[in-house]
Structures are given as structure tokens and as C-alpha cells.
Amino acid sequence: MRKSDFAGWREVFSFTFAQAVKQKAYIIFLVVFSVIALFFSTVSSLVSKYGELNENKSDIKEVVIFDETGLDIEYTDVFTSKKYKNVPVVSDPQMTFEDYEKQMQETADTTMLIRITFDSTEETYNILFVQGKKLGMTEITKIDFSNEFCDYFKEARVAAINITEKQREYIQSDIVSEVKLLSEDGVTIEKKSDSISYQDYFIMLIMLMICMMLVNIGGSQIALAVVTEKSSRVIEYLVLNVRPLALILGKLVATIVTSTLQIVAVGSCYIASPIISNLLVPRLAKLLFGAAQTAESTTTVADETLAASIKMIHGIKIEYVFLALLFVVMGIVFYGIIAGLLGASVSKMDEMQESMVILQLMLVLGCYADMALCV
């Protein structure tokens, strides 16, 4: 390749960049996603607070416990969560379990019956929960309620056996297992794990999807621009003074710059999102949910997001960041050249989709290869 093959790429870049930033689709995409990123933490915090307020409300009017195991267990403080902490608990009912259950069947009730028995044959504790007709509990709520009670019963039954505190700690001690590898000579082989955590794997998948979308959008824009100019005969005027390599280079650089501007704008709004959230959420929560109900909850999703972001960024070496960006730019350049060549191989808009199948196939294969490396 000679230097003259790239002559005129700056003019192509200026023309393509000016046309791209004027498009309504580009402006709408930039504005919409920037607004979403800017108020993401605010909306997430309000949704989280609304969920917490609903979780802290219980429809259970009363909990009646029938303990038929003979264990001396006090059920006064059985529930410690905010949702069930203030629900009355009756551990010495006046009626039998059958009478109470029959009464609940005849009348619409919001009582929860709990019956605890011991099966000597199977040597198991059986806990039966009977829900009143008027209790509209979801499956998740039922699981949370039963788990909270069962956790308390596990601790209480150990305390009711009259063992010492030291014996109790010994019984409840954690069990740690370890596998040791030995060579043929009997020497211990230290094997270091090269696997990554689930959180790291999730972050890598997100970054992989973002890079794939960026490369796909950039390549599609290049191919679309080439096909559009060929179909409108603009290319005939451009090739008089600009060589094909300069044409593709100019459009490639313009696509990289426009895509980078979108990423920087959306990323900056996402970084500023926790700050905006901390300013708006207290006022909006007070207006929507009331001051009394939101006074207990002071931590917002924005605080957690900011802390997680700082923790993730901390320790990252700057040279690795530049190396990753270099690979991303090289990927955009590689797929952009392929997209430009594919766009130049057709002359009609109807044929562009068929030619882009090759680019899509290469992107999918590259994405699966990266996922295999992550695994």
C-alpha cells in the first residue's frame, strides 16, 4: 500500500461525521440512553424502596403455634424481620388444632396456624403451616415465612436440650474439606485455581455484549453508508478524487468517533447517576411514600452502585485499560474493513442484508470464542 492510497480520507471523515451526527436516529439514541443512564440509580432506588415497603407489610393477623414435641421452647421472639416482628404470636391456644382449623375453614380468616410434631419412626420433626382463606400470600412470601420460622426452631430445639454453650458451639462448628494432590514420589502438589468468580464472569459477559453491539452497529453503519452512496451514485463523484482505501478509512474513523462519543456520553451520565440519585431520592421518596415510612431506610441503590463501582475500579492497572481499549479499537477496525468491503460488493439496498450475514456470522463465532475463553 502506498501513501497515496489513503489520500483524501480526512475529507471523507469530515463529510461522514457531519452527516452521522445530524441524523435523527443518532440524536434520539444519544439523548434517550443518556437520560436513562443519568436517572438509572434514581429509578432503581425508588423501586427498591417501594419493594422494601411492600415487603415490610404483612397480612397475617395472628400466628397460632401448636408445639406437640414436648420441647420447652419460647416462641415470643420467633420472628425478627420487620415484616413479621409485630405480628401477635399465640403459643398456648385454648382450642385444639382440629377445632381451630375447622373454624378457619368456616370463616374468612387471616390467621396462620403452625403445628410441630415429632415422628419417632422416621426420627424427623414435621412442621405444618395452615394458611387462612383471606391471606393472599405469594409463593415467595410463603417460603420466606416458613424459612424464618424453621431457622428459629432449629436454634431453639438445640437450646432446649439443656446442653452447655461450649457443646452447642462444637456441634454447630463449620465443616471444612480440603483435597490434597500427591505426586508419584509422595510430594504434595500445590495447584492454584485459575478460575474466575461469578461476578467477574458476569462483568466480562456484559463487556463482551457491549463490544459486540458496538462493533455490529459500527460495521452496519459503514456498510449502509457505502451501499447508500453507491445506490445514489454519490460514490461516482467521490472516487474521482478519493481512492477506495481512503474512502473506507475515512468512514471507519468517523464511525469510531461517533460511537465513542455515544459511549462517553452515556458512560458519563451513568457515573453521575449516583450523585443525582442521592439528591433526588430523599425528596421523591418522602413525596411518594411519606416521611415516616422512609425514615428507617437511608441506604439507596445509588450508594450500593457507587460502592460496587469503586470496588471494581480499585486495583485495575492503567496499562491493562489501554491494552483492552487497543484491542477493542483493533476489533472495530477489523470488522469495519470487512463491513466496508461487504458493502462495496453490492449495489442495492435490498442486497445489503444478504451480504451482512457473513459479518454477523463472524461476530457470533468471535463472541462464542470469547465466552469459551471466559469459561
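Quick note: the coordinates plus some simple rules give every number you see, no bench work behind them. Quick caveat, the model's predicted, so the values are computed rather than measured. All Cβ positions, glycine included, derive from the backbone under ideal geometry; neighbour counts span all protein chains shown.
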Output wanted: per-residue J couplings in Hz (rounded whole) for the range 265-272, from phi through Karplus 6.51 cos²θ - 1.76 cosθ + 1.60, θ = phi - 60°, x for Gly and Pro.
5, 5, x, 5, 5, 5, 5, 7
The extension gain from residue 228 to residue 286, computed as 0.36 nm times the residue separation minus the Cα-Cα distance, is 15.5 nm
Go through the range 64-81 residue by residue and turn each phi into a ³J(HN,Hα) via Karplus (6.51, -1.76, 1.60, θ = phi - 60°); whole Hz please, and just put x for glycine and proline.
10, 10, 10, 9, 10, 8, x, 7, 8, 10, 9, 9, 5, 10, 5, 9, 10, 6
The FRET efficiency for residue 98 and residue 373, from their Cβ-Cβ distance with R0 = 51 Å and rounded to 0.05, is 0.20
So, R0 is 30 Å and r is the distance between the beta-carbons of residue 329 and residue 35; what FRET efficiency does that work out to, to 0.05?
0.65
With the crude spin-label approximation of a point 7 Å out along Cα→Cβ, what separation in nm comes out for residue 201 versus residue 130?
4.6
Report the full-extension gain for the segment residue 353 to residue 278: residue separation times 0.36 nm, less the Cα-Cα distance, to one decimal in nm.
22.4 nm
Apply 1/(1 + (r/R0)^6) to the Cβ-Cβ distance of residue 152 and residue 176, taking R0 = 30 Å, and write down the FRET efficiency to the nearest 0.05.
0.70
